[in-house]
Number of protein chains: 2
Amino acid sequence: MASGTGIETVSTNRAFGGVQGVYRHASAATGTDMTFSVYVPPHEPGARLPVVWCLSGLTCTHANVTEKGEFRRACADLGLIFVAPDTSPRGEGVPDDPGGAYDFGLGAGFYVDATEDPFAQHYRMWSYITEELPALVAEHFPADMDRQAITGHSMGGHGALTIGLTFPERFRSISAFAPIVAPSQVPWGQKALPGYLGADRAVWRRHDAVALIEDGARVKDLLVDQGEADGFLADQLKPHLLAAACADAGIDLTLRLQPGYDHSYYFISTFMDDHLRWHAARLT
Amino acid sequence: MASGTGIETVSTNRAFGGVQGVYRHASAATGTDMTFSVYVPPHEPGARLPVVWCLSGLTCTHANVTEKGEFRRACADLGLIFVAPDTSPRGEGVPDDPGGAYDFGLGAGFYVDATEDPFAQHYRMWSYITEELPALVAEHFPADMDRQAITGHSMGGHGALTIGLTFPERFRSISAFAPIVAPSQVPWGQKALPGYLGADRAVWRRHDAVALIEDGARVKDLLVDQGEADGFLADQLKPHLLAAACADAGIDLTLRLQPGYDHSYYFISTFMDDHLRWHAARLT
């Protein structure tokens, strides 16, 4: 498709009185076509609605949370637009992990602008999520861009925390489900950050929520849910590192450890309603 | 796996305070392994809970409604067990539609016991759903089999209506989403019923909700939701035929035509809560 600010409608389905859409556009940031979903709840003509961004985790596209996130009932009740982007560029010419691993390359963009070859050309998810896609959402949907919130799961929780902490004026609230809070200190991040950003660990700190807080980033509060039966908890997620950083910085972190819950969408969907109500209280 | 009444746990995930499980067993009815899902909501030790059966539509397995049906929150609130079976036998030696069509064979068992070769050996979904699986559910889950309800979507709505109308003592309530109400009169049924049951249309009547009512089947009431933007509405679903039969028979049908809604899980999930509350009111 042609480059520009146009978007192509892939599908729309009525749901909970609103419209769940899937859209595709030629991204200038990634140099590829990108697909994303937007749920627009029922609303009065001419109304402008607050926006919740939801960033997904490793291996996901927009489709996982769109199909399994169970966010539409609450978004309809609360009057929230819900935007779900993809997790990486895709398509011909987009390099993947050399070994085809799930935790780097396709489906694993880590919400950074890569500087390392061969990833620097297309893996520009930071610019895509923070600049290009917001402009499209503002142009094509009844969005009030002065009222935005951000959440995400796992790698997408990392994205939500790092983007939210970097743009505290833009996001009135930030939450995450089982986020990677300190990628510099865990295997997923210790593979992805050098792979995309090179060996200089100082550069990684801008993409590490704990490091951002240590370096002075401040928000009023955060909500994090974490399943205690999550197989990634001990090695990859380490929410106590976020708790310690927030305590030192005076950030009011609500960290809820949920007994018996794992890393799946069964966990996310269970607590999605709480997160959306938490955001709505800060947006409306 | 060995034949018998054992079940193998494929997966369990905590969700909404309960457990979403997927199970597999060697079915005597179909002569194949069969997979199904059961959600058990949070409950007091020793409690026996009412059961909602949910039969799925063409091309589906247990997984579609399990992942996209958005039933767990209401089941947890209302204390309902939710059982989602597969829609056909599967596996080596199970014959499919000769042309590989989606509307016959695998994923399209139509909830009948086939009498026609080569389908008669494995396609015994009526016996599976009405006899074998209820016995397993009663044995392995905290189910109160004196309080059962049944619902379904499309072909599964056909299954819910025909099974519910055949066993009115067993099911205290019946509902459906966009059901096939008169398979004898529409293309899907006019292919499936002779394919599984042979040319004698008198035999088809036991698997046709409208014909069952015409032939004397009676229940107190029914709930049916139907999207007005459903592409199968005019040719395959024809809910007015059910409305006419119910009017003649004195069955209190609540038929809700939902403007803008299609045949997808976005439609089902929107109204799932209403159906579960409708069942709960009759079960508890």
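The values are calculated or read from the model by the stated rules, or taken from the named source; none is laboratory data. Just so we're clear, the structure is a prediction, and the values are computed from it rather than from any experiment. Positions of Cβ are backbone-derived with ideal geometry, glycine not excepted, and every protein chain shown enters the neighbour counts.
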Single condition B:Val210 does not satisfy, out of (1) of a type in the set (A, V, I, L, M); (2) within 12 Å of chain A (Cβ to nearest Cβ); (3) buried (at least 16 other Cβ atoms within 10 Å of the Cβ)
(2)
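Evaluate the following for B:Cys54: is it within 25 Å of B:Lys220 (Cα to Cα), crowded, with 23+ Cβ neighbours inside 10 Å, in contact with a helix residue (DSSP H, G or I) (Cβ under 9 Å, 6 or more places away or on another chain) and within 14 Å of chain A (Cβ to nearest Cβ)? Step through it out loud before you land on a result.
On the way: within 25 Å of B:Lys220 (Cα to Cα): yes; crowded, with 23+ Cβ neighbours inside 10 Å: yes; in contact with a helix residue (DSSP H, G or I) (Cβ under 9 Å, 6 or more places away or on another chain): yes; within 14 Å of chain A (Cβ to nearest Cβ): no.
No.
Can you tell me which of A:Gly198, A:Gly227 is within 30 Å of A:Pro118 (Cα to Cα), in contact (Cβ under 8 Å) with a residue 24 or more places away in the chain and among the small types (Gly, Ala, Ser)?
Values: A:Gly227 fails: within 30 Å of A:Pro118 (Cα to Cα).
Criteria check complete, one pass: A:Gly198.
Can we say A:Arg48 is more than 23 Å from A:Ala74 (Cβ to Cβ) and basic (Lys, Arg)?
no
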Only one of A:Asp262, A:Asp248, A:Asp221 is modelled with pLDDT of 95 or more, more than 14 Å from chain B (Cβ to nearest Cβ) and more than 25 Å from A:Arg147 (Cβ to Cβ), namely A:Asp248
Confirm whether A:Val94 is over 23 Å from A:His153 (Cα atoms) and either touching a residue at least 12 places away in the same chain (Cβ under 8 Å) or within 14 Å of chain B (Cβ to nearest Cβ) (or both).
yes
Which of the residues spanning segment B:1-43 are in contact (Cβ under 8 Å) with a residue 24 or more places away in the chain, touching a strand residue (DSSP E or B) at 6+ places or on another chain (Cβ under 8 Å) and within 14 Å of chain A (Cβ to nearest Cβ)?
B:Val10, B:Ala15, B:Gly18, B:Gln20, B:Val22, B:Ser37, B:Val38, B:Tyr39, B:Val40, B:Pro41, B:Pro42
Report, by residue number, each residue of segment A:226-244 that is assigned to a loop (DSSP other than H, G, I, E, B) and either closer than 20 Å to B:Gly17 by Cβ or away from every other protein chain (no Cβ under 14 Å) (or both).
A:Glu228, A:Ala229, A:Asp230, A:Phe232, A:Lys238
Please work out which one of (1) surrounded by fewer than 20 Cβ atoms within 10 Å (Cβ to Cβ); (2) away from chain B (no Cβ under 14 Å); (3) closer than 30 Å to B:Val65 by Cα is the condition A:Leu257 fails and give its number.
(2)
Looking at segment A:1-92, what strands (runs of 3 or more DSSP E) fall wholly within it and have at least 2 residues that are of a type in the set (D, E, K, R) and more than 19 Å from the chain's Cα centre (by Cα)?
A:8-15
